[in-house]
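The values are calculated or read from the model by the stated rules, or taken from the named source; none is laboratory data. Just so we're clear, the structure is a prediction, and the values are computed from it rather than from any experiment. Cβ placement follows ideal geometry from the backbone for every residue including glycine, while neighbour counts extend to all protein chains displayed. Surface areas here come from the heavy atoms of the whole protein model, side chains and all, with no ligands, DNA or RNA. Shrake-Rupley method; radii C 1.70, N 1.55, O 1.52, S 1.80 Å.
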Amino acid sequence: MVMGMQVQHTDVLVVGAGPTGLALAVDLARSGVAALVVERSGSLFPGSRGKGLQPRTLEVLDDLGVHEEVRAAGAPYPVGMVWQDGVRAGEHRMFDDVAPDEGAPYAGPWMVPQWRTQEILAARLAELGGGIAFGREVTGVEQDPEAVTVTFAAGAPVRARYAVAADGGRSTVRRALGIGMTGESVDPSPMLVADLRIAGLDRDNWHVFPPADGAGFLAICPLAGTEDFQAVAQFPEGVEPDLSLEGIRAVVAARSHIAPGDVTQVRWASDFRPRAAMADRFRDGRVFLAGDSAHVHSPAGGQGLNTSIQDAYNLGWKLAAVLRGGARESLLDSYEEERLPVAAEMLGLSTRIHRGEARRGAATRQLGLGYRDGALAVETRAGLAEEALRAGDRAPDGIRGGVRLFEEFRGTHWTLLTVGTAAGSAVGSDLPDLSGLPGLAAVRTVRIPSYEAYGDGVFLIRPDGYVGWAGASAEGLASYAAAFTD
């Protein structure tokens, strides 16, 4: 710490202004938690990189208040078009089709370039009174029993009750904490990804150029809501991709029918080696890892950005409950307990898709992920069918009795939902009053007629849209709620 320099104080310090850090800051801000976002760069990340928002992530962004902006900024993925010797050789479906389901309002992935997703989240954060401090490179992290102190290459140190490392796969914070990262190379072949302007290429398809003459593949996808294309090219092991305009022109021309001069501009370019890795733990005292600082994916499955935003969504309400809701600090132990297994599962899926061992099917939508085995999931009903909704599962949407469930769930509160016979019985009319329990903050009570997605019963829905407690009656519900408080 620089002697004599005034220390800045905040509840939560978020390191990194990518999708993870911004989503977390938005979630905290809407709960009234003071959060400071710091970013080492001078601006938001400028590239497309994570361009696919999966259905579960769209639900999260809807809850965070940016649904209309995200829908306006993007579009569904185009159908792949395979080219051979300059001729269209046939279509290729990148994703398995999914039938509509009233419990899941978003059926498929939605394409929005990462830079645009960040802009939307940053605007929402500003609307809530928050902001981003750019040019703040972390140089040190120290903890004591009361807070975390973070120092920077420039500017005053920050002392926060909690800190979150959302600063990417090469996380400075993770390294400062000495947390290891275990993983493997998914593919030794270098990859290039670039945002380009290309003249004369239609925007109706995702253009795929299979490998030929020993060269790697090339794929060029129109980026929804922009005039840009995202190009992805694979190279032989040991080759260093040339990221210049001339270098990228040469690659595109050699692997497609596109003339070099038709590539008119390179707006952003990067190279990487596909890798799968996960931090050995997601927490060290008062510091949490989220997003790429905790897990690094191959981009093939479209899971990295989505898993990262959902890390933030899981952590945000818990930090708010401890800092503003009076919940006991042990609630924060559930973050690693719940998110680490999910990250491991999604890492495995991304790797299998990259290697051609799995398709981009239902699992990539992330709607089936849940926390049944976690300490916060308490299921008191017996004899449930295998397919029945259980505590720890995502709570489905639906409209019953003029009530749309996602409208009722939206916000920072818990929802006490009674369904079917429970809603019209003494159970439904004699529910415990949970509103006075600090750990649960506000609780909204909703009653609906029978809904097959839930079955009859009583359900306590967490602020992040997962079932915390479920029972045939309300017996035991008050004890569950009381466990959150000191």
Review point. Using alpha carbons only, how many degrees (0 to 90, rounded to 10) separate the axis of helix 333-354 from the longest principal axis of the chain?
Key: 30
Review point. Say R0 is 51 Å: what FRET efficiency, to the nearest 0.05, do residue 382 and residue 71 get from their beta-carbon distance?
Key: 0.75
Review point. Hey, rough spin-label estimate for residue 337 and residue 92, points 7 angstrom out along Cα→Cβ, what's it come to in nanometres?
Key: 4.4
Review point. Does anyone have the angle between helix 304-323 and the longest principal axis of the chain? Alpha-carbon axes, 0 to 90°, nearest 10?
Key: 30
Check your understanding: In nm, what is the difference between 0.36 nm times the number of residues separating residue 133 and residue 270 and their Cα-Cα distance?
Key -> 46.9 nm
Study note, to complete from the structure: Using alpha-carbon positions, the gyration tensor of the chain gives root eigenvalues a ≥ b ≥ c; with a/c under 1.5 called rounded, otherwise prolate if a/b exceeds b/c, else oblate, the class is oblate
Point to revise | Summed residue charge, Cβ within 12 Å of residue 112's Cβ, Lys/Arg positive, Asp/Glu negative | key: +2
Check your understanding: Under a plain spin-label model, where a point goes 7 Å from the Cα along Cα-to-Cβ, how far apart in nm are residue 237 and residue 475?
Key -> 6.3
Check your understanding: Gain in length, residue 126 to residue 215, computed as 0.36 nm per residue apart minus the alpha-carbon separation, to one decimal in nm?
Key -> 27.4 nm
Study note, to complete from the structure: Extension length gain for residue 204 and residue 189 (0.36 nm per residue less Cα distance), in nm, is 2.5 nm
Check your understanding: With every protein chain in place, what's the accessible area of residue 448 (1.4 Å probe, Å², nearest 10)?
Key -> 10
Revision key, fill the gap. Descending accessible area (1.4 Å probe), largest on the left, turns 134, 272, 409 into 134, 272, 409
Exercise for review: Would you mind estimating how fast the range 217-366 diffuses translationally, via Stokes-Einstein at 10 °C and 1.306 mPa s with the Kirkwood radius over Cα pairs, in µm²/s?
Suggested key: 88
Exercise for review: Would you please name the trypsin sites (Lys or Arg not before Pro) within the range 129-223 that are DSSP coil residues with at most 13 other C-beta atoms within 10 Å of their C-beta?
Suggested key: 170
Exercise for review: With a 1.4 Å probe and all protein chains in place, put 96, 213, 280 in order of accessible area, largest first.
Suggested key: 213, 280, 96
Check your understanding: Angle, helix 114-127 long axis vs. longest principal axis of the chain, Cα atoms, 0 to 90°, nearest 10?
Key -> 40
Revision key, fill the gap. Between residue 102 and residue 6, the FRET efficiency computed from the C-beta separation at R0 = 41 Å comes out, to the nearest 0.05, as 0.15
Check your understanding: What spacing in nm lies between the two simple spin-label points modelled at residue 390 and residue 407, each 7 Å away from Cα in the Cβ direction?
Key -> 3.3
